[in-house]
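One structure is given here, and the rest of the page talks about it.
The values are calculated or read from the model by the stated rules, or taken from the named source; none is laboratory data. Being a predicted model, the structure only gives us computed values, none of them experimental. Positions of Cβ are generated from backbone atoms using ideal geometry, with glycine treated the same way; all protein chains shown enter the neighbour counts. For accessibility, only protein heavy atoms count, side chains too; no ligands or nucleic acids. Shrake-Rupley method; radii C 1.70, N 1.55, O 1.52, S 1.80 Å.
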Amino acid sequence: MAIGEAGPGSTRRGAQPARLEETMRARLGRECVYVPSCRFGLYVALRHWCPPGGRVLMSPVNDDVIFFVVLAAGLRPVQAPLNPLDASIDLDAVPEETWRSVSAVLTTNLYGNPDPAPRLREKCDALGIPLFEDGAHAIGSAVGGRPVGAWGEASVFSLSKHVGAKAGGMLSLADPGLREAVEKTCAGLLTPNRIGSELAYAVRPYAEATVRGLRLRRAAWAAIRLLGLADREEIRMPLRPDELALAADRTPGLDAHHPWVRVDMHDYRQESGPLRLRRIGRRLDRLDDVLDACRAGTELLLSTPWAKPRETHGTQPLFRVPLFVADRDAAIAALARQGIVVGYLYDPPLDDYAGAEFTDPSPAPEGARWFARHALPVDPLRARTVVEVLERSGARPAEAPGEPPRGGPAAGGLGQSLV
């Protein structure tokens, strides 16, 4: 086991992080360590289990930040073939030579749809390599009779997604005996808490509520761009290949890849202060209510003509429900006119985005490309409004690979039954 870099720092845990850890421990049945972000927790896990130079099998339909976390850990991303209906890893399409070459597997559980963790666990055991689970979107999902996050050597969760705290994460461990070593590594990588950052975090919900109430979204985004605070103009952040190639010479280490890893969350490795921790705790206490509402919205969205049949694991409380539309840009524009912003798009796939210089491309990229182009990730908490908007706009379902052509939304529409 390769232990990551750790500098001086206290490993003492306060009462607030300990309460958050106990809450997640009860959900997962595993040891949990609070971390300031999911991406930070993933970096710590990769540094513990994977020596530099290793190869990590992962999904090409994924946040580019996760791609850069893998690079920062001194590892080579290897893009896997995907099931085109839920973007989970298609084990049977991974060539045997690829299996023999990788030193770890990283799941995505995109939007909360579980990857085939039981089969991946079996495969990783046979190869003698670790399995890591990214449960950022899947804090309430389950597969094989266990929660997502209970299959790998380590798993990471975001407390910004379902929990809605816009901060915090959790790193869970199959072996509780590793807790002390993990805490030591975390302490050596954290940056000190800053009062200004805590105050900005405290007032952010009120500022966002004001923007929503005054319908100032466009003006707010224009101001953010003018001030140089926007990290990306497109779905993917700028790759900057020349700088990225230079950063590779200074890995493993977060500092070299900080300009990429920090995107959309500049305080991803900052110690959490009391204001942040208290808000996370309050939000986490209400998680079950949120999951129930997400499950209900998911059921509704999966009954629409834009949903695709897939292998069922029961109705998961998805973070986003991928509907599939022929013209996604038109659907996004129709939703935007009703004040619904579509996020969490991952297009193009990472191998098309980064190229063979920085990743091993998928041997069968078609499924990932189709999903990335047609998936419309819908917030299940806005399910009724989304269905009505898509019906009024005449959005046509996309034809899945191998699916016979069909027409537009089902006759009669769901919108009438929702009023």
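Within region 107-135, take every residue that is of a type in the set (A, V, I, L, M, F, W, C) and open to solvent by less than 10 Å² (accessible area, probe 1.4 Å) and give me the one that is farthest from Asp379 (Cα to Cα).
Out of the qualifying residues, it is Cys124.
Please verify whether region 1-23 includes one or more residues that are at pLDDT 95 or above and within 21 Å of Val143 (Cβ to Cβ).
no
Looking only at region 137-180, which residues are touching a Phe, Trp or Tyr at 6+ places or on another chain (Cβ under 8 Å) and among the charged types (D, E, K, R)?
Within region 137-180, Glu153, Lys161, Lys166 meet the criteria.
If we keep just the residues of region 186-221 that are within 18 Å of Gln16 (Cβ to Cβ) and surrounded by 15 or more Cβ atoms within 10 Å (Cβ to Cβ), which is modelled with the lowest pLDDT?
Tyr201
How many residues are among the hydroxyl-bearing types (Ser, Thr, Tyr) and at pLDDT 95 or above if we restrict to region 269-302?
Total meeting the criteria: 1.
Which helices (runs of 4 or more DSSP H) sit wholly inside region 327-410 and have at least 1 residues that are under 30 Å from Ser103 (Cβ atoms) and in contact (Cβ under 8 Å) with a residue 24 or more places away in the chain?
350-354, 366-374
Kindly indicate whether any position in region 303-318 is modelled with pLDDT of 95 or more, over 19 Å from the mean Cα position of the chain (by Cα), farther than 24 Å from Pro81 by Cα and part of a helix (DSSP H, G or I).
No: region 303-318 contains no residue that is modelled with pLDDT of 95 or more, over 19 Å from the mean Cα position of the chain (by Cα), farther than 24 Å from Pro81 by Cα and part of a helix (DSSP H, G or I).
What's the number of the condition Glu183 fails, among (1) buried (at least 24 other Cβ atoms within 10 Å of the Cβ); (2) in contact (Cβ under 8 Å) with a residue 60 or more places away in the chain; (3) over 26 Å from Pro380 (Cα atoms)?
(1)
Which ones in region 361-384 are of a type outside the set (Lys, Arg), open to solvent by 20 Å² or more (accessible area, probe 1.4 Å) and within 18 Å of Ala336 (Cα to Cα)?
Hits for region 361-384 are His374, Asp379, Leu381.
Of the conditions (1) open to solvent by less than 10 Å² (accessible area, probe 1.4 Å); (2) free of Cβ contacts under 8 Å to residues at least 60 places away in the same chain, Cys32 clears all except one; give me its number.
For Cys32, the exception is condition (2).
I need every pair where a residue in region 105-129 that is outside any loop (DSSP other than H, G, I, E, B) has its Cβ under 8 Å from the Cβ of a residue that is open to solvent by 30 Å² or more (accessible area, probe 1.4 Å) and of a type outside the set (Phe, Trp, Tyr), sequence separation at least 6 or different chains.
Val105/Lys123; Tyr111/Arg320; Gly112/Arg320; Ala117/Gly144; Ala117/Arg146; Pro118/Gly144; Leu127/Arg100
Consider Leu323 carefully, then state whether it is in contact with a helix residue (DSSP H, G or I) (Cβ under 6 Å, 6 or more places away or on another chain) and touching a residue at least 12 places away in the same chain (Cβ under 8 Å).
No, not satisfied.
Of the conditions (1) surrounded by fewer than 22 Cβ atoms within 10 Å (Cβ to Cβ); (2) over 12 Å from Leu57 (Cβ atoms), Val94 fails just one. Which one is it?
Of the numbered conditions (1) surrounded by fewer than 22 Cβ atoms within 10 Å (Cβ to Cβ); (2) over 12 Å from Leu57 (Cβ atoms), the odd one out for Val94 is (2).
Using beta carbons and a limit of 7 Å, which pairs, at least six apart or on different chains, have the first residue in region 285-301 and under 18 Å from Pro147 (Cβ atoms) and the second one aliphatic (A, V, I, L, M)?
Leu287/Val163; Cys294/Leu318; Cys294/Leu381; Thr298/Leu318; Thr298/Val321
Which of the following residues is surrounded by 14 or more Cβ atoms within 10 Å (Cβ to Cβ) and touching an Asp or Glu at 6+ places or on another chain (Cβ under 8 Å): Leu301, Leu275, Leu323, Leu284?
The conditions single out Leu275.
For region 143-163, enumerate the residues that are over 17 Å from Asp267 (Cβ atoms), in contact with a helix residue (DSSP H, G or I) (Cβ under 8 Å, 6 or more places away or on another chain) and in a loop (DSSP other than H, G, I, E, B).
Passing the criteria: Gly144, Val148, Gly149, Ala150, Trp151, Gly152, Glu153, His162.
Can you find a residue that is more than 14 Å from Ala368 (Cβ to Cβ), out of contact with any helix residue (DSSP H, G or I) (no Cβ under 7 Å at 6 or more places or on another chain) and small (Gly, Ala, Ser) anywhere in region 60-74?
Scanning region 60-74 turns up at least one residue that is more than 14 Å from Ala368 (Cβ to Cβ), out of contact with any helix residue (DSSP H, G or I) (no Cβ under 7 Å at 6 or more places or on another chain) and small (Gly, Ala, Ser).
Condition first: open to solvent by 20 Å² or more (accessible area, probe 1.4 Å), over 13 Å from Ser103 (Cα atoms) and touching a strand residue (DSSP E or B) at 6+ places or on another chain (Cβ under 7 Å). Now tell me which residues in region 35-57 satisfy that.
Once the filter is applied, which keeps residues that are open to solvent by 20 Å² or more (accessible area, probe 1.4 Å), over 13 Å from Ser103 (Cα atoms) and touching a strand residue (DSSP E or B) at 6+ places or on another chain (Cβ under 7 Å), region 35-57 yields nothing.
So which residues in region 130-142 are part of a strand (DSSP E or B) and either farther than 23 Å from Ala307 by Cβ or in contact with a strand residue (DSSP E or B) (Cβ under 8 Å, 6 or more places away or on another chain) (or both)?
Leu131, Phe132, Glu133, Asp134 - these are the residues of region 130-142 that are part of a strand (DSSP E or B) and either farther than 23 Å from Ala307 by Cβ or in contact with a strand residue (DSSP E or B) (Cβ under 8 Å, 6 or more places away or on another chain) (or both).
Can you tell me which condition Gly253 does not meet? The list is (1) on the phi < 0 side of the Ramachandran plot; (2) in contact (Cβ under 8 Å) with a residue 60 or more places away in the chain, and all the others hold.
(1)
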